[in-house]
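The values are calculated or read from the model by the stated rules, or taken from the named source; none is laboratory data. Not measured: the values here are computed from a predicted model. Neighbour counts run over all protein chains shown; Cβ positions are idealised from the backbone, glycine included. Remember, those area values only see protein heavy atoms, side chains included, never the ligands or the DNA or RNA. Shrake-Rupley method; radii C 1.70, N 1.55, O 1.52, S 1.80 Å.
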Amino acid sequence: MNTDLYEKKIPIIKIGNFLIVSIQVDMHDKLAIQLQSQILEEIGKTSAKGVLIDISVLEMVDSFIGRMLSGMATMASIMDAAVVIVGMQPAVAITLVELGLEMPGVDTALNMEKGMEMLEKRVRNEDNDLF
Amino acid sequence: MSLVMLELTSEKNWEKLGKHILKFENDVVKLRQTIRHYAKQFRMGIVDQTRVTTAVSELFRNMYNYAGGGEVVIEKGIIEGKEALIITCIDSGPGIEDLELAMSDGYSTGMGMGYGLPGAKRLVDRFEIESKVNEGTIVRIMKWR
Ligand SMILES: Nc1ncnc2c1ncn2[C@@H]1O[C@H](COP(=O)(O)OP(=O)(O)O)[C@@H](O)[C@H]1O
Ligand SMILES: [Mg+2]
């Protein structure tokens, strides 16, 4: 096992109004917490309107990671940004339901494209609200 | 009806596959990957692999958080005529005062979501827990093919 992987930061890319985060390793707790603050910091810096978090490589989401994801969504919404989780593996989705976790405020989309559409719609609706 | 079994099931003819110490936070990740590896070897389907891995992740994290670590024993045996993967988490932590409460959804004495124990129970075929205050906690889960 390559433990070096765990020390790597998770890259955050900005495209337009959105941040895109691709999780590439099985996250241990510190990395999960680090990611949380990294994303919030980035939202603050860039005034991003939305965040896409790709978890397609995650082979499991336990209550720790679940809490981290929903906590992130809550904090992001306070900063006026929406969070969409994309690419959750079907087995992971099934397991999450059985575990009993509800992740309030966390929207999910099948893939990046759908997630992007979701965020765009969200931002458009907000713009309309202004007028 | 009691939620928990007072005596752990144990058979002499179970085959021991491995024994690991869980001490550091990273061990939670490492060991849950080890368990997935065994689940794969057992030719469990992807959903069952994910169920077992998630269940042990909850138990491992509990051991790390509340008991400062512990020991993980992996065995295989025949349960109800089926080949089962049996994982036992043993710690010498503070123990759990009220098991019934600890096993209920949403109950946490820490900052968790309180779904670890009840959730793990739902994800496996058999879930056994024994705990003594000031002595420790043993959780044994079984998943068969
Ligand atoms: N190995 C353990 N040793 C001592 N206490 C434990 C252990 N595992 C669980 N507990 C207790 O049971 C409670 C419920 O555990 P769990 O369902 O995993 O929820 P959470 O970890 O989110 O609090 C914990 O808050 C803790 O008080
Ligand atoms: Mg827990």
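What the table below lists for this structure:
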item: 10 Å-binned pair-distance histogram of chain A (Cα, whole percent); result: 12, 46, 33, 8, 1, 0
item: Between 0 and 90°, nearest 10: helix A:63-78 axis offset from chain A longest Cα axis; result: 20
item: Chain lengthening between B:I21 and B:T9 when straightened (0.36 nm per residue, less Cα-Cα); result: 2.1 nm
item: Residue of B:G106, B:G81, B:G68 that the Gaussian network model of chain B assigns the largest fluctuation, springs spanning Cα pairs under 10 Å; result: B:G81
item: Crossing angle, helix A:112-130 versus chain A [Cα axis fit, 0-90 degrees, rounded to tens]; result: 30
item: Cα-based convex hull, the protein assembly as shown, per residue volume (Å³, whole number); result: 136
item: Per-residue [θ]222 nm for chain B (sum of -39500 (n - 2.57) over DSSP H runs n ≥ 4, rounded to 500); result: -11000 deg cm²/dmol
item: Candidate residues B:D98, B:D27: accessible-area rank, largest first, probe 1.4 Å; result: B:D98, B:D27
item: Carbon + sulfur, % of accessible area of chain A - ligands and nucleic acids excluded, 1.4 Å; result: 54
item: Degrees, to the nearest 10: B:46-67 long Cα axis against longest axis of chain B; result: 30
item: Ranked by how many other beta carbons lie within 10 Å on average, peptides A:17-25, A:97-105, A:62-70 from highest; result: A:62-70, A:17-25, A:97-105
item: Net +/- balance of residues flanking B:V139 in space, Cβ distance below 10 Å, scoring K and R +1, D and E -1; result: -2
item: Percent of Cα pairs exceeding the 17 Å cut-off, where the set is region B:11-131; result: 56
item: Value of [θ]222 nm, deg cm²/dmol, for chain A, DSSP H segments ≥ 4, -39500 (n - 2.57) each, nearest 500; result: -16500 deg cm²/dmol
